[in-house]
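The values are calculated or read from the model by the stated rules, or taken from the named source; none is laboratory data. Note that the structure is predicted; figures quoted are calculated from it, not measured. Cβ placement follows ideal geometry from the backbone for every residue including glycine, while neighbour counts extend to all protein chains displayed.
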Amino acid sequence: MIRVLPLVAALSAGLWGLAAVQMLPLVDWPGWPLHPQTMTLDQIMLAYGQMPRGVIALLAGAILGLSGAILQVVLRNPVADPTTMGISSGAQLALVIVTIFAPGLLDYGNWPVALAGAGLAAALVLAIGAARAFAPVTMVIAGMLVGMTASAIATAVTLAQGQYLLSLVIWNGGSLVQQDWAGVQALTAVLAGGAVVAAALARPLRVLSLGAEGAQGLGLNVAGVRLLAVAVAVVLAAAVSAELGLIGFVGLAAPALARTMGVRSIAGLLALSPVIGALILSLCDGIVLTIAGQSGEMFPTGALTGLIGGPLLIWLLPRLRGSTPPGTEAGEGPAPRRAHPARLLAALALGLVMAALVLVWIGRVPHGWAVLDRDSFAAFLPMRLPRLIAAASAGAALALSGAVLQRLTANPLASPEVLGVSGGASLGYAAVVFALAAPSAAALTIGTMAGGAIALALVAAFVSHREMPPERVLLAGIAVSALAGAVLSAMMAVGDARSWAILNWLSGSSSAITMPGALALAVLALALWAAALAARRWLAILPLGHGVAGGLGLPLRRTRLVLIALAGLATGAATVLVGPLSFVGLMAPHIARRAGLARPADHLTGSALIGAGLMLAADFGARMAGFPYELPLGLFAALLGAPWLIWLMMRPRK
């Protein structure tokens, strides 16, 4: 297998050379050293654009490969890398926020900002992992969800600042375009320093591979080695993000391919992974340059590398070892069971109605907050009522989907966002936008619902043929979400009107909803609630396990198919309005369960009411926080969900 590497190197070099020759014939290439004052414009573009681009692709790939190898070794996790651990997304979010709100901090360079964001994301993931003995499955779920949250917030903030839109979208996609050799010099220093530290860490990491107890018995400072290794990996990944933007999954692919080539020693893995990472990114960039030579550069290289992540993560799932993640039924203990749930449900319904009335009556005016008088109320009601109905209906649909998925997988961490339903719905929406010149609302809704159902069906088909515990379903869904995110990034980086339409939708907004659309969504949410209630017997039996469910005569295959379709339709309908990430589908069912709504009918109804309330709160925040401008609805829904998610995963087991 290692013999393939020279062929890949030759192919990537050939693609780069072909693109360079198309730019300028070989006989006209400038000599070394470079003197810009004596060069033509084409020579300058080649010498300060194409040449450093080819070198920086090798350097960045090597750095990401080394970072991923270090993370996989120190965490003993074959699917750890800067992307799955949320490190790259943390750097991305920090740079986006500073670029928009505090650009003066960039006077000191991108590196400190990227490093701070990456460090905070890594610290959060490690804090969750430390409470769970760094179980591989737990670490990946925590890292991917932290990364998804950071990416969602970065997208929403980017959309809210139109003057930065184009540059930030291209940067988020991971563009390797260069204007001089400064980036090459910086990443060369980073790679050299990282290689020296990695060589020094090879022996301690080999001792650590014996296990924490065994390593401590041999006198190794386990906590110190882990902290130093993760810090090195964070610095390496942050350096690439600062220079080039978000380039995903190279750090995952390089060590995985090294193992398939027969590398077993830690020193060999640390040595070969940078080589493979460099070739992966160089080959991807060569493909992008080849396509650009025919039709212009359509998308950044980082979008192409992202397409590797989903299939590779799915391929690695059967090889992943680890324990059940935090938040499982057994880990949390039995949920309380309320004796009279009808009273709580009635209170929730009444509270929802009262909240809707309050949100209609109050608002912000140029001089502050105000309660509308009768005339103002009559004037604003036709504008506010449709969006309130739509937001509540979308929240209820997402919550119903989450409740169904949590019972289907017997895992309270399941949600439409985690299981890839939202990612599939996003691709369905984008496919309709790109396929139809003027897509109607009905076509967008149908495409979004179909995409969500298909994504969940793919996840179910993958895990149904393997002996996998429920948490592997979550990882398969995360892989689908990663793949969907990569495809969407490639679409948005095209830069035409369709990509802006997709970007606008990704953040979620209810401002353009009409009363017919709101009523249609409300009717659909009610129909989905009724269908879920009709399946309440299935939902009561499935959490008991496949063996018990089969023994009770439940047709498992048909049951899964029906519930998958139900969850996909609910998520697709809501995703059209609120975008692909809100975490309402995660929060609402869990809140309902902890409130004592344990029976399936009560759980479903309570989840729908709580989800409607949460989305009403998000819609109100989106309208009022940035007054007089409206901020993305998806941003506020994610901000509500992220703290809850972090608290849920950091709770100690009972």
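Below is a table of values for the structure above.
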{"item": "Test: residue 69 is touching a Gly at 6+ places or on another chain (Cβ under 9 Å), among the small types (Gly, Ala, Ser) and on the phi < 0 side of the Ramachandran plot", "result": "yes"}
{"item": "Meets criteria (assigned to a helix (DSSP H, G or I) and in the same structural domain as residue 184 (by TED's automatic domain parsing)) for residue 113", "result": "yes"}
{"item": "Test: residue in the stretch 402-421 that is outside any loop (DSSP other than H, G, I, E, B), surrounded by fewer than 24 Cβ atoms within 10 Å (Cβ to Cβ), out of contact with any His (no Cβ under 9 Å at 6 or more places or on another chain) and modelled with pLDDT of 80 or more", "result": "no"}
{"item": "Among residues of the stretch 12-38, those that are in a helix (DSSP H, G or I) and loosely packed, with under 10 Cβ neighbours inside 10 Å, counted", "result": "4"}
{"item": "Boolean, residue 581 is at pLDDT below 75 and under 27 Å from residue 337 (Cβ atoms)", "result": "no"}
{"item": "Only one of 438, 443, 399 that is surrounded by fewer than 24 Cβ atoms within 10 Å (Cβ to Cβ), assigned by TED's automatic domain parsing to the domain that holds residue 524, at pLDDT 85 or above and over 21 Å from residue 485 (Cα atoms)", "result": "443"}
{"item": "Test result for residue 128, closer than 28 Å to residue 413 by Cα, surrounded by 19 or more Cβ atoms within 10 Å (Cβ to Cβ) and over 15 Å from the mean Cα position of the chain (by Cα)", "result": "yes"}
{"item": "Subset tally (residues that are within 17 Å of residue 59 (Cβ to Cβ) and part of a helix (DSSP H, G or I)) for the stretch 208-252", "result": "14"}
{"item": "Any hit, the stretch 373-389, residues being in the same structural domain as residue 619 (by TED's automatic domain parsing), without any contact (Cβ under 8 Å) to a residue 12 or more places away in the chain and part of a loop (DSSP other than H, G, I, E, B)", "result": "yes"}
{"item": "Selected residue [closer than 20 Å to residue 402 by Cα, modelled with pLDDT of 80 or more, surrounded by 14 or more Cβ atoms within 10 Å (Cβ to Cβ) and in the same structural domain as residue 601 (by TED's automatic domain parsing)] from 519, 539", "result": "539"}
{"item": "Output for the stretch 367-395, where each listed residue is of a type in the set (A, V, I, L, M) and under 30 Å from residue 528 (Cβ atoms)", "result": "381, 383, 385, 388, 389, 390, 391, 392, 394"}
{"item": "Flag if residue 233 is crowded, with 24+ Cβ neighbours inside 10 Å, within 25 Å of residue 99 (Cα to Cα) and either touching a Phe, Trp or Tyr at 6+ places or on another chain (Cβ under 8 Å) or not assigned by TED's automatic domain parsing to the domain that holds residue 62 (or both)", "result": "no"}
{"item": "Output for the stretch 1-53, where each listed residue is touching a Pro at 6+ places or on another chain (Cβ under 9 Å) and among the aromatic types (Phe, Trp, Tyr)", "result": "48"}
{"item": "Residue match in the stretch 46-69 (condition: assigned by TED's automatic domain parsing to the domain that holds residue 192, without any contact (Cβ under 8 Å) to a residue 40 or more places away in the chain and over 27 Å from residue 279 (Cα atoms))", "result": "no"}
{"item": "Unmet requirement for residue 599, which otherwise passes all of (1) at pLDDT 80 or above; (2) crowded, with 18+ Cβ neighbours inside 10 Å", "result": "(2)"}
{"item": "For residue 222: the one exception among (1) buried (at least 24 other Cβ atoms within 10 Å of the Cβ); (2) at pLDDT below 90; (3) over 25 Å from residue 315 (Cβ atoms)", "result": "(1)"}
{"item": "All positions within the stretch 588-627 that are charged (D, E, K, R), farther than 15 Å from residue 352 by Cβ and part of a helix (DSSP H, G or I)", "result": "593, 594, 602, 623"}
{"item": "Hey, residue 328 of a type in the set (S, T, N, Q), within 22 Å of residue 73 (Cα to Cα) and either within 25 Å of the chain's Cα centre (by Cα) or modelled with pLDDT of 75 or more (or both) or not", "result": "no"}
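Listed here are the residues, each with its yes/no results for (1) assigned to a loop (DSSP other than H, G, I, E, B); (2) charged (D, E, K, R); (3) modelled with pLDDT of 70 or more; (4) touching a helix residue (DSSP H, G or I) at 6+ places or on another chain (Cβ under 6 Å).
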site: 121; (1), (2), (3), (4): no, no, yes, yes
site: 139; (1), (2), (3), (4): no, no, yes, yes
site: 143; (1), (2), (3), (4): no, no, yes, yes
site: 149; (1), (2), (3), (4): no, no, yes, yes
site: 154; (1), (2), (3), (4): no, no, yes, yes
site: 170; (1), (2), (3), (4): no, no, no, no
site: 175; (1), (2), (3), (4): yes, no, yes, no
site: 180; (1), (2), (3), (4): yes, yes, yes, yes
site: 206; (1), (2), (3), (4): no, yes, yes, yes
